[in-house]
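We did not get these values from a lab; they are worked out from the coordinates using the rules stated. In this text, all values refer to a predicted model and were calculated from it rather than measured experimentally. No Cβ is skipped: glycine too gets one built from the backbone with ideal geometry, and neighbour counts run over all protein chains shown.
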Amino acid sequence: MMKNIAVFASGFGSNFEAIIEAANNGTLHANIALLVVDKPACYAVERAHNHNIPVFAFNPKDYDSKEAYEKEIVKQLQAYQIDLVALAGYMRLVGSVLLENYAHRIINIHPALLPSFPGTHSIEKAYNHGVKVFGITIHYVDAGMDTGPIIDQESFKKKEGESVEEVETRIHQLEHQLYPKVLERILNH
Ligand code: GRF
């Protein structure tokens, strides 16, 4: 039986697209069953529509609390029989309702070598810090900000004179390669 993945995003959705692509070309044996977004107008939603993937789009302001919207998310995840949640640019801390219902079944991708540079603007922060080795991390999600147990990392050395934009491009390329591979490993090995 193919496992069902839900991807959570808030923006551009290039990792979401890479995961869909891997499922379509057979390198990832899973159904990309649902996209969850907290920004109904984000580009990831358009990608889901292009691939006929169902979307649950919510606006956190329409709910009294994180618990309230996460209860709704859990209902959706149950309705689609989701086995694994893959955060991909979802710009919110995951709360207790999701963590308790999907313990050890929520993972995240982060564009830095954790535990260095957690939070937002990690690539710029690392670049401005002058780091020589850049990388990405895929980890289980816990209640902290990018703090859960590390599953895998990839890295590369900055080239002499490489701009922040060039580094960013390489980071995203690495993400798009590694995320589907890790999903396949977690679900099917
Ligand atoms: C990625 O760099 C990911 O590591 C971070 O947010 C970015 C999302 O990009 N958590 P995209 O929406 O997948 O294009």
(request) Identify all residues within region 97-113 that are more than 11 Å from the ligand (Cβ to nearest atom) and either more than 30 Å from residue 68 (Cα to Cα) or without any contact (Cβ under 8 Å) to a residue 40 or more places away in the chain (or both); write none if there are none. (result) 97, 98, 100, 101, 102, 103, 104, 105, 106, 113
(message) So, in region 1-28, exactly how many residues are buried (at least 17 other Cβ atoms within 10 Å of the Cβ) and among the aromatic types (Phe, Trp, Tyr)?
(response) 2
(request) Filter region 52-75 down to the residues that are closer than 16 Å to residue 16 by Cβ and surrounded by 15 or more Cβ atoms within 10 Å (Cβ to Cβ), then identify the one that is farthest from the ligand (Cβ to nearest atom). (result) 54
(message) I need the full set of residues from region 1-28 which are within 16 Å of the ligand (Cβ to nearest atom) and of a type in the set (Ser, Thr, Tyr), in order please.
(response) 10, 14
(message) Can you confirm whether residue 31 is surrounded by fewer than 21 Cβ atoms within 10 Å (Cβ to Cβ), away from the ligand (no atom under 15 Å from the Cβ) and either within 20 Å of residue 11 (Cα to Cα) or charged (D, E, K, R) (or both)?
(response) no
